[in-house]
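What follows is calculated from the coordinates using simple rules that are stated; it is not laboratory data. If you're wondering where the values come from, they're calculated on a predicted model, not measured in any experiment. Using ideal geometry, Cβ is built from the backbone for each residue, glycine included, and neighbour counts are taken over all protein chains shown.
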Amino acid sequence: MSTSKSNEIRIHYTKSQIEDAIRNEDASVHRAIRRLFEHQHLIHEIADEDQNETDSTVLETVRFFARYMGGYDKNNTKRWQPKLLTHKNTNRKAFDIYCKINQTPIERAREIALDHSVYFTMMANGQDVARS
């Protein structure tokens with residue numbers, strides 16, 4: 001059974017819908033960090049607009065979180081079972097350098113994801129997010 005393009009229903013997501021999902025669902029935060037890891041150039045673009053953080057700080061945080069979630073070490077070698085940023089082991093000291101004072105890894109990831117919500121909205125709507 002084939003579907004013609006004229007019969008397809010396309011859902012359009014708004015930035016506020018994406019941000020609500022990131023604020024309220026840990027699973028959305030995890031997906032967002034994985035997407036940022038896959039599209040690392042987006043971090044450089046948003047960091048150019050944000051004077052509070054350097055792109056290298058955010059990039060290193062995203063890399064560390066994505067590798068942790070995937071079970072990879074810093075050399076991208078699969079070594080552990082995948083874990084979520086809400087896992088009990090995220091309270092260890094290794095996460096301290098990537099999080100702000102009194103901030104959990106999931107809170108830090110959520111903050112980063114919200115900073116990039118415009119790009120997630122574009123991705124969700126099938127728009128090109130290539131670096132301009």
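At 0.36 nm per residue, minus the direct Cα-Cα distance, what do residue 118 and residue 24 gain on full extension? Give it in nm, one decimal, please. Don't skip to the answer; put the middle values down first.
On the way: separation 94, 0.36 × 94 = 33.84 nm, distance 1.71 nm.
Gain in length upon complete extension: 32.1 nm.
A 29 angstrom limit on the alpha carbon distance is what I want to check against. Which of 15/100; 78/100; 15/93 exceed it? List each step's numbers first, then the result.
Values: 15/100 26 Å; 78/100 27 Å; 15/93 34 Å.
Beyond 29 Å: 15/93.
Nearest 0.05, what FRET efficiency do residue 34 and residue 92 give at R0 = 25 Å with Cβ-Cβ as r? Write out the running numbers ahead of the final one.
Values: r = 21 Å, r/R0 = 0.85.
After rounding to 0.05, the efficiency reads 0.70.
May I ask you to sort 34, 10 by Cβ crowding, counting other Cβ atoms within 10 Å and putting the fewest first?
On the way: 34 15, 10 7.
Ranking 34, 10 by Cβ neighbours within 10 Å, fewest first, gives 10, 34.
Taking K and R as +1 and D and E as -1, what net charge do the other residues with C-beta under 13 Å from the C-beta of residue 104 add up to? Walk me through the intermediate numbers first.
Working: positive: 88, 92, 100, 108, 110; negative: 26, 96, 107, 111.
Around residue 104, the charge tally is +1.
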